[in-house]
1. Hey, can you tell me all the residues within the range 84-106 that are farther than 14 Å from residue 129 by Cβ and part of a strand (DSSP E or B)?
2. Criterion first (buried (at least 23 other Cβ atoms within 10 Å of the Cβ), modelled with pLDDT of 95 or more and farther than 21 Å from residue 123 by Cα) does residue 233 satisfy it?
3. Can you name every residue in the range 62-83 that is without any contact (Cβ under 8 Å) to a residue 60 or more places away in the chain, surrounded by 14 or more Cβ atoms within 10 Å (Cβ to Cβ) and not in a loop (DSSP other than H, G, I, E, B)?
4. Check off (1) touching a strand residue (DSSP E or B) at 6+ places or on another chain (Cβ under 7 Å); (2) within 24 Å of residue 193 (Cβ to Cβ); (3) surrounded by 21 or more Cβ atoms within 10 Å (Cβ to Cβ) for residue 242 and give me the number that stays unchecked.
5. How many of the residues in the range 352-376 are surrounded by 11 or more Cβ atoms within 10 Å (Cβ to Cβ) and within 19 Å of residue 267 (Cα to Cα)?
6. Might you check whether a residue that is at pLDDT below 95 and within 26 Å of residue 278 (Cβ to Cβ) occurs anywhere in the range 51-68?
7. Picking from 332, 315, 306, which residue would you name as being closer than 25 Å to residue 242 by Cβ and modelled with pLDDT under 95?
């Protein structure tokens, strides 16, 4: 092949590749986030105090703690990184982040990925520069920096929606705003996880995939208290049918290790999020974790439940007052089963394996105990601590 023909071949190949990228659609999104995203987000612990040095320290700790090797890969910068726009309208970082491209290169060099935050409104929740009327420009900037994940928070766009003539028109404005940014991301040709954050309003689980969302917040913000976590987590009942590979319900970030809950409560947090096929985005300071926190976040059996390739979210299968049993179908016919005690005192609970679809003898492993259940019969009875859980993996 002559040099001219070879160059022509490369041009045609590039055009075809670009056509494939720009023609991708929300229906093709399972190529991104085939399992729920795992990583870290800055807001829960650092909030406005996040900066370049802290992000680098978190990336270092994600590697040294073993979290990266356990599956956590996203280092996500939340609000307050934004500066002003230059004369051409290109978004700049503020003094806390002197060089976002260099930061992305550092994170990528650790075998990790970098996430960022914006809003379809003129301002973010913290009052910094949003993406309104700059969607394509911002997406191109993110791609040039090497961003792998965008959390897109509704925030001030609510003021824009108030100008709509009807609630239906306001809803359509929101759909259009999310779609506009999704299309802008696709146009860059750089794969990015697209995380919708509008707090579960307007039954987002029904339309999240149609605007290109890989995950969508189903709740208000979580806090590091048992009643916040439990109300959010157990409030996910009934949403399982809306989750699938590439599209996940998001009950917000993990609070494990931030100190506001007891170990049994954090185990409930991890267990419930795993059964929910929820994103596992740690929200603590990774550089100062106790061994107990590290062990909890990196428990391979819990992570295997969350990341199960079948991609089927679990749901509540039994309740008695504040006692609940949740189950999730796993590959090869196994099930994750969580016995949750939402009262403050230890109580016995019983699970009937036949009611979960098992016929005959089963094998059951107690995940947090790290041991098999000896000779489980047709039913299994155990003491569940107050605000605690017994998490089982059950198979034929």
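The values are calculated or read from the model by the stated rules, or taken from the named source; none is laboratory data. All values derive from a computational prediction rather than experimental measurement. Neighbour counts are summed over all protein chains in view; Cβ atoms, including those assigned to glycine, are modelled from backbone coordinates with ideal geometry.
1. Answer for the range 84-106, where residues must be farther than 14 Å from residue 129 by Cβ and part of a strand (DSSP E or B): there is none.
2. Values: buried (at least 23 other Cβ atoms within 10 Å of the Cβ): yes; modelled with pLDDT of 95 or more: yes; farther than 21 Å from residue 123 by Cα: yes.
Taking the combined requirement at face value, the residue satisfies it.
3. 63, 68, 75, 82, 83
4. Failing condition for residue 242: (3).
5. Looking only at that region, the number is 8.
6. The first filter runs over the range 51-68 and keeps only residues at pLDDT below 95, leaving none.
There is no residue in the range 51-68 that is at pLDDT below 95 and within 26 Å of residue 278 (Cβ to Cβ).
7. On the way: 315 fails: modelled with pLDDT under 95; 306 fails: modelled with pLDDT under 95.
One residue alone meets the criteria, 332.
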